[in-house]
1. Could you go through segment 121-137 in sequence order and give the Karplus-derived ³J(HN,Hα) for each residue, using 6.51 cos²θ - 1.76 cosθ + 1.60 with θ = phi - 60°, rounded to whole Hz, and x for Gly and Pro?
2. Quick check: net charge around Asn315, other residues with Cβ under 10 Å of its Cβ, Lys/Arg +1 and Asp/Glu -1?
3. What does the C-alpha gyration tensor say about the overall shape of segment 2-53? Classify as rounded when a/c is under 1.5, otherwise prolate if a/b is larger than b/c, or oblate.
4. Report, in degrees rounded to the nearest 10, the 0 to 90 angle that the Cα long axis of helix 222-235 makes with the longest principal axis of the chain.
5. Would you grab the residues whose amide H sits under 5 Å from the one on Met328? Only those 5+ places off in sequence or on another chain, please, with H modelled 1.01 Å from N.
6. Straight-line reach from Lys196: which lysines fall under 28 Å, measuring Cα to Cα and dropping same-chain residues less than 8 apart?
7. Work out from phi, with θ = phi - 60° and the Karplus expression 6.51 cos²θ - 1.76 cosθ + 1.60, the ³J(HN,Hα) of each residue of segment 101-109, listed in order in whole Hz, and give x for Gly and Pro.
8. Taking the Cβ of Met171 as the centre, find all other residues whose Cβ is under 9 Å away and add up their charges (Lys, Arg: +1; Asp, Glu: -1).
Amino acid sequence: MQGYASCSLCEASCGLAVEHDGQNVTSIRGDAQDPFSKGYLCPKAMGLKDIHEDPNRVLYPMKRVGGRLMRTTWEDALGIVARRFAEIQARYGKDAVAMYGGNPLGHSYAGTLGFVLLHAVIGSKNRYSSQSVDALPRLFTTYHLYGNQALLPVPDLARTDYLLMLGANPMVSNGSIMTAPGFKQRIRDLRGRGAKLVVVDPRRTETAKEADEHVFIRPGTDAFFLLGMLSAIFEAGLEAPGRLAEFTDGLDELKSVALRFPPERVAAVCGISAEKIRELARAFATAKRAACYGRLGTSTQQFGALASWLFEALNVVTGNLDREGGMMFNTPAVDLAKL
């Protein structure tokens, strides 16, 4: 028998064609009819068969009895949790309990909705997830910039003329938050039509090997590099927010701060020459359509929130936010920002 599904291992949600005998999975292939992934499948999806058939997989609720985990019913398990939550909160307050959502929960609309609703009912301020150790700096900045942490603009790969990438390796992550199955072909298509990919990364990553240019940077100094980029743009009078100026506060303050970090000042910190920073700044600012994209590498560092905020600011200052070929807000089937 054959069934169809979406891979739940990352945001790309590639289409799957699954052969099974009613109980066991016999094969997993990319769904060639999926309009988005078009049959692409990365090696991670092949592991879904192993996960499904793992003998240690938990298939039912269990509770500890006399030092051993014993099978119980859903009614019993949910009743225990509900009673204990109520008892603890009645005695110590709402914040005495916490919730944690694992990574797979983020790739399930039903799971995400249920998690949000349960958190609203429990009322505790203590909510954690796998993002607590990696993506929160980015979510913090999008919350304060755009009003919701789920409003994450992604690069318009099909129409951009200049893609500047920091702290990301989509050749391995499959595009992750930008949901770009078959990223290797997408990048080759991008370069094939004359657009340019520049990767700024301490390591020669798989993505850097596919780029037009790889610029090495000292680890953890992305914020200084981006300040130098903004300084060079303001100094040369290349800022052009266009219609974004109407919706943006603090551009003058940003300019005042950025000009205190000229390329000559940040060069020694980030390990990129002042000349190269100015060259990249001019190329980005003068490209017809450009996008600066940062991912977890810009978050998991000392100045992660600042670096995340600065690459968003770079897109705003050059008028490349919310436009074709720049960084765009998508229109998903299920809008997580409204949850």
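1. Values per residue, Gly and Pro as x: 6, 5, x, 7, 7, 8, 10, 10, 7, 4, 5, 4, 10, 9, 9, 4, x Hz.
2. -1
3. oblate
4. For 222-235 against the chain, the angle is about 40 degrees.
5. The list, which skips near neighbours in sequence, is Val154, Asp156, Asp322.
6. In chain and number order, the partners are Lys38, Lys184, Lys209, Lys255, Lys276, Lys288.
7. x, x, 4, x, 4, x, 10, 10, 4
8. It works out to a net charge of 0.
No value in this document is a laboratory result; all are computed from the given coordinates. Bear in mind that the values here come from a model prediction, so they are computed numbers and not experimental data. Every residue, glycine among them, receives a Cβ derived from its backbone with ideal geometry; neighbour counts consider all protein chains shown.
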